[in-house]
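Worksheet: the structure to be examined is printed underneath.
Where a number appears in this text, it was derived from the coordinates with a stated rule and is not lab data. Note that the structure is predicted; figures quoted are calculated from it, not measured. Cβ: placed from backbone, ideal geometry, glycine included. Neighbour counts: every protein chain shown.
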Amino acid sequence: MNIKEDFRLALRELVYPVCVVSAHNHETKVNHAITVSSVTSLSFDPPSILVCINKDSRIHSSLKKDSYFNVSFLSSSQSEISNLCGTDELSDKRFENEFWDFKNDVGFIKNSQSVISCVIKEITSYGSHSVFIGNVIEVIKNNDTKPLLYGKGDYLDI
Ligand SMILES: Cc1cc2nc3c(=O)[nH]c(=O)nc-3n(C[C@H](O)[C@H](O)[C@H](O)COP(=O)(O)O)c2cc1C
């Protein structure tokens, strides 16, 4: 039995909303973005979320305590930006398109289902990933869209 492979295959059967987490590194002046499915609401008081990010990803070192990130919950038509931010080889193309808008230097995806802006309050290292806990400081909602979902290795429509 290969527990890692069984775990991966079991997770592959589930359906997740697709998000893009984005941040700006003020030291290097570089924008970063990563496609994630690991965003979870954590608490209502204070309003907070958590996201699990691989330590090898480009964005990881830009996510520091008291720094800001945005979570764009993608709309069903936005699989292209999900692919850009979720594919290693496309990392230099992530911001060369019309998908983005910026607030206080931090990017977010225009016309996504919602954008949740956070300030990082806690970081926990566990194995290959870090868990980032962010307090919610602003929410942009777009009620006219359907979410982009990912399951069984592909994008799904509802
Ligand atoms: C649908 C989907 C969900 C993903 N979820 C996560 C996640 O929750 N955490 C994570 O670290 N990587 C996740 N990834 C993988 C990263 O997006 C991918 O490895 C990305 O290329 C890493 O960023 P980098 O290329 O800048 O290193 C996901 C990818 C896809 C397509």
Tell me, Kirkwood radius of segment 17-149 from alpha-carbon pair distances, in Å? 14.6
Gain in span if fully extended, ASP88 to LYS64, counting 0.36 nm per residue against the direct Cα distance: 6.4 nm
Determine the calculated [θ] at 222 nm for the chain from helices alone, applying -39500 (n - 2.57) to every DSSP H run no shorter than 4 residues and normalising by the residue count; nearest 500 deg cm²/dmol. -3000 deg cm²/dmol
Can you tell which of ASN135, ASN70, ASN143 shows the greatest fluctuation in a Gaussian network model of the chain with Cα springs below 10 Å? ASN143
With viscosity set to 0.890 mPa s and temperature to 25 °C, compute the Stokes-Einstein D of segment 64-119, Rh being the Kirkwood radius across alpha carbon pairs; µm²/s, no decimals. 204
Rounded to the nearest 5, what % of DSSP beta bridges with both residues in segment 17-149 are antiparallel? 100
Can you compute the modelled spin-label distance between LYS55 and ASP101, with each label point 7 Å from Cα toward Cβ, in nm? 3.7
Fully extended, how many nm does the chain gain between GLU80 and ASN143 (0.36 nm per residue separation, minus their Cα-Cα distance)? 20.6 nm
Give me the lysines in straight-line cross-link reach of LYS64: C-alpha distance below 23 Å, same-chain residues under 8 apart excluded. LYS29, LYS55, LYS103, LYS121
Neighbour-count ranking [beta-carbon atoms within 10 angstrom, fewest first] of GLU89, GLU138: GLU89, GLU138
Exactly which trypsin sites (Lys or Arg not before Pro) in segment 1-97 are in a DSSP loop and have at most 12 other Cβ atoms within 10 Å? LYS29, LYS55, LYS65
Point-to-point label distance, TYR16-LYS110, nm (Cα→Cβ direction, 7 Å offset): 2.8
With label points set 7 Å from each Cα along the Cα-to-Cβ direction at THR124 and LEU156, the distance between them in nm comes to 2.7
